[in-house]
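Some notes on the structure that comes next.
Derivation of every value follows stated rules applied to the coordinates shown; laboratory data play no part. No experiment lies behind these values; they were computed from the predicted model shown. As a convention, Cβ positions derive from the backbone with ideal geometry for all residues, glycine included, and neighbour counts pool all protein chains shown.
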There are 4 protein chains.
Amino acid sequence: MEPCGQPARLTVRYAETDQMGVAYYANYLVWMEVGRVELLKQLGLRYRDLEREGYLLAVAEAHCRYRQPARYDEEVEIETRVSRATARLVQFEYRIRRAGDGAILATGYTKHVICDRELRPKRLEGKYARVLVEATEEEAGRL
Amino acid sequence: MEPCGQPARLTVRYAETDQMGVAYYANYLVWMEVGRVELLKQLGLRYRDLEREGYLLAVAEAHCRYRQPARYDEEVEIETRVSRATARLVQFEYRIRRAGDGAILATGYTKHVICDRELRPKRLEGKYARVLVEATEEEAGRL
Amino acid sequence: MEPCGQPARLTVRYAETDQMGVAYYANYLVWMEVGRVELLKQLGLRYRDLEREGYLLAVAEAHCRYRQPARYDEEVEIETRVSRATARLVQFEYRIRRAGDGAILATGYTKHVICDRELRPKRLEGKYARVLVEATEEEAGRL
Amino acid sequence: MEPCGQPARLTVRYAETDQMGVAYYANYLVWMEVGRVELLKQLGLRYRDLEREGYLLAVAEAHCRYRQPARYDEEVEIETRVSRATARLVQFEYRIRRAGDGAILATGYTKHVICDRELRPKRLEGKYARVLVEATEEEAGRL
């Protein structure tokens, strides 16, 4: 997996730990959201603008493989890339690393359906569609 | 504090603990929300109907005093009462107990401003206003 | 999928919604946790006792397919079963339904590695192992 | 209120919004945690080291006044100062601003009791006590 740009960065919050002493597993999905919002920003798209124009990315599927635990106050990097994009669907892939030593903590993906405000499927058009499709082609070209 | 009805009940989730081994402090505010939604239901108001009719209870202030920690898998009861209600403001008081032995874990209050969907102040009218005001008067009568 | 016992039940909290007006996708993993804790209880195991005796179920993988959104104040049921159990691994499957009409909102699974308190792999023994293995055999027998 | 150092910064996550379209009120307490951890870091203390040496800051009280809503993707600054510190108690004050225009979104405080790992009160000693007490004196001197 080649990330499209700079990884998103965050520090594990105390709120995100559980009594096992590590980050609770559902938080990785929150971090993936942070990663894809950052990637979209680097592609020139703000998710909030997308939403204002009536395009919602409803999650259809999420997957995460946990390799090493993330611990409180550790800095974490989320590498994200668009692995697939059509007018109806977008798929992202993620690699979450510990910033300190680069160790991979988790990998995963999410699939999203483009929807309108009432959560009915809708075709993504114009600039948004172009940018996402180009991001995946660029990706393909690099391989 | 005399609660208006049956307390809300919940079991502390693993997700709600932190590495201190107890429930993270912000979750008590989530539990207060569970308590006030339950109280409204017992008063014959569903918060989601309130919202559909264009009345939002925007939080203006929240306070919590933590007495004893809540632990994973413990059953917790939230006693809630309306301590003040006008056409513009509603105030709730909470007492959070461990169901097992009745020990008080926390007490607190929240103040809410009645707003419209754009979060501008708005007067609460009709049935909703009546029920809330009556709930506080009943309260006062009991003292 | 045949669930092993009674489904866990919960009501979608306001805290669990996002500005799309539906439950945020990471919360489904929290609900899965609620489901598996409930299933373990029905099998006569309390997760907190398991943990006290030094057995942690560290999540190795999580997957969720989202079919229909869960909305604020809806009652939700989580059917859970043990789909695989060895001395080192346990796998759970989940089906999340809207209680009102039984509609399936999401399906998914989680895989867990049995660990000690330092999160090193460890063999599950005695009563715990027996109960989990039996739960999967019973499952197999029913098919 | 004079903050002790640089404010902590964060971007409001989608996960932190609710269906009112703004950040859910319990998250401000999470942000206060981010603010105090950052302040401690700037004072030369890492909360995780504090905890490793057996000092936990158990929350005894939390208060937040909400002035303006924080919205998705807005950058937020948390100014924090130690308003009181003894060997047994630490109190922090917070001012949360929208980074864009500096508008105050919320103010609040938290009170913490120094505890050991079993959450029994304990006196804070040595370097930690000195740094926290000095931070409040410096504060006092500035007024």
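Filtering the stretch B:22-39 to residues that are over 30 Å from residue A:70 (Cα atoms) and small (Gly, Ala, Ser) leaves only B:35. Scanning the stretch C:1-28 for residues that are over 20 Å from residue B:29 (Cβ atoms), facing another protein chain (nearest Cβ under 9 Å) and touching a residue at least 60 places away in the same chain (Cβ under 8 Å) returns a single hit, C:28. Check the stretch D:95-102 and report whether any residue there is farther than 30 Å from residue C:21 by Cβ and either within 13 Å of chain B (Cβ to nearest Cβ) or not aliphatic (A, V, I, L, M) (or both). Yes, some residue in the stretch D:95-102 is farther than 30 Å from residue C:21 by Cβ and either within 13 Å of chain B (Cβ to nearest Cβ) or not aliphatic (A, V, I, L, M) (or both). Being in contact with a Ser or Thr (Cβ under 6 Å, 6 or more places away or on another chain), among the polar types (S, T, N, Q) and farther than 21 Å from residue C:70 by Cα holds for only one residue in A:42, A:68, A:19, and it is A:19.
Can we say residue D:44 is within 17 Å of residue A:33 (Cβ to Cβ), among the small types (Gly, Ala, Ser), surrounded by fewer than 20 Cβ atoms within 10 Å (Cβ to Cβ) and out of contact with any Asp or Glu (no Cβ under 7 Å at 6 or more places or on another chain)? No; evaluated as a whole, the condition is false for this residue.
Each row is one residue, and each column tells you yes or no for (1) within 14 Å of chain C (Cβ to nearest Cβ); (2) surrounded by fewer than 18 Cβ atoms within 10 Å (Cβ to Cβ); (3) under 20 Å from residue C:25 (Cβ atoms).
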residue	(1), (2), (3)
A:37	yes, no, yes
A:55	yes, no, yes
A:63	yes, no, yes
A:77	no, no, no
A:108	yes, no, yes
A:113	yes, no, yes
A:120	yes, yes, yes
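Here is a check on your reading of the model: is residue C:51 farther than 24 Å from residue B:30 by Cβ, out of contact with any helix residue (DSSP H, G or I) (no Cβ under 6 Å at 6 or more places or on another chain) and facing chain A (nearest Cβ under 9 Å)? Taking the combined requirement at face value, the residue does not satisfy it. Looking at A:124, A:132, just one residue is touching a residue at least 60 places away in the same chain (Cβ under 8 Å), closer than 12 Å to residue A:55 by Cβ and under 16 Å from the mean Cα position of the chain (by Cα), and that residue is A:132.
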